[in-house]
Amino acid sequence: MTLTPSVSDQQFETILLRLESGESLRSVQLDFPVLAADIEALQDLQDFFAAQRSVAKPDPQGLKSVLRQVNLLNQASEDDELSWGSFFSRLSRSTRLALPALLVLGVSGYVWQSQIPASNLDSLPKMNFAGTNNSPIPAMVGSVELDQPNTSLLEGDSAMDMDALVQSLSNEFASEMADFEQTKESLEPLFSEQLFSFVPNSTL
Amino acid sequence: MKYLILGFGFALISSTAQAQYEDLIDLKLSQLSQLEDTVEATNSLPQADSDWALRLVSDSREILIQASSENIERLQAAEVEINQTVAKVAARLLSYKKAKLMSRITTLDAMIIQYQSEGFDTSDLEALSQSMKMHMEHLGS
């Protein structure tokens, strides 16, 4: 690939616009025969970005292709001559090609970051909370403060349950005791009273 | 005339005594029925004990009816036998109810040990157990 000093920014813009408008690669190359290789590389980029716009996720292979294309365009030809024209031409190309690449990198990075487990992200607010608490051991202090009311609550429930248990057992025992006393009182006359006033003796 | 009056008086006393015995027999029968009802009303009494008690009551009722048709000596002897049988049944019922009360205390003591091992405050349960035991001692006295 060669970038001749005769290629101006306006020419580069023209080539890019004609490629983006859908004009055939061959037709553009005919108008700029000395830039045939560069025009072909630009067409590849156009195809790549068109493909990228049609898919939801960035393609890592496509990203590599972009990088390869950028490096390809940035590679200076050994026979290139340093001139203001070539300098601006390279700058313009680099800017136009590097910005989409950075955009793709940014999108890829965003997608990658969104796939980080939520548990890892949850640790961030905790650290901030610990930091604003101005406590040397915020987690330990927090746990103690949280356990304290729970413990007292459990003790309260336990006390209530124990009182209810004692009351229930006491009532049941009292009920059975009353039943025992009632039975005893009702049975005593049956076997203690001698209705016929007779004392048996051995002669009978 | 004198002998006629004495004979009439003797007959009157005899009929009065017979009527009094009949009342006593009815009272004894009602007591047996009361004992029968008590046996049947005792919840969770073992079936064998219940059958045994009801059979003794039924036998006692037959013995009383049989003796009432004979003489007073036979009736008095039957009463002694019936009273002994009633005492057996009553003692069985009371011992069963007392055993249930003792079982409650035993269960409570086991509960106290369990709760103490779990770290609970069992002072109220211990006081209740002591109170129950005092009541049982009063029953035994």
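The values are calculated or read from the model by the stated rules, or taken from the named source; none is laboratory data. All figures in this text were calculated on a predicted structure; none of them were measured in a lab. With ideal geometry, Cβ positions are generated from the backbone for all residues, glycine too; neighbour counts draw on all protein chains shown. Each accessible area value is taken on the protein alone, full model and side chains, heavy atoms only, with ligands, DNA and RNA left out. Shrake-Rupley method; radii C 1.70, N 1.55, O 1.52, S 1.80 Å.
Enter the mean number of other protein chain beta carbons within 10 Å of the beta carbon of each residue in A:175-188, as an integer. Don't skip to the answer; put the middle values down first.
Working: counts 0, 6, 9, 0, 6, 10, 3, 2, 8, 6, 0, 7, 11, 3.
Average per residue, whole number: 5.
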(request) For the stretch B:63-78, list whatever residues lose no less than 30 Å² of accessible surface once every protein chain is in place, relative to that chain by itself, with the probe at 1.4 Å. (result) B:76
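Give the interface area between chains A and B as buried accessible surface, both sides summed, probe 1.4 Å, in Å² to the nearest 100. Display every interim value, and only then the final one.
Numbers: alone 15370 and 10030 Å², together 22120 Å².
Buried area (both sides, nearest 100 Å²): 3300 Å².
Quantify how strongly other chains surround peptide B:79-88 by giving the mean number of their Cβ atoms within 10 Å of each of its Cβ atoms.
The mean count of partner-chain Cβ atoms within 10 Å per residue comes to 4.
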(request) Give me a single rounded figure for B:30-39: the average over its residues of other chain Cβ atoms within 10 Å of their Cβ. (result) 2
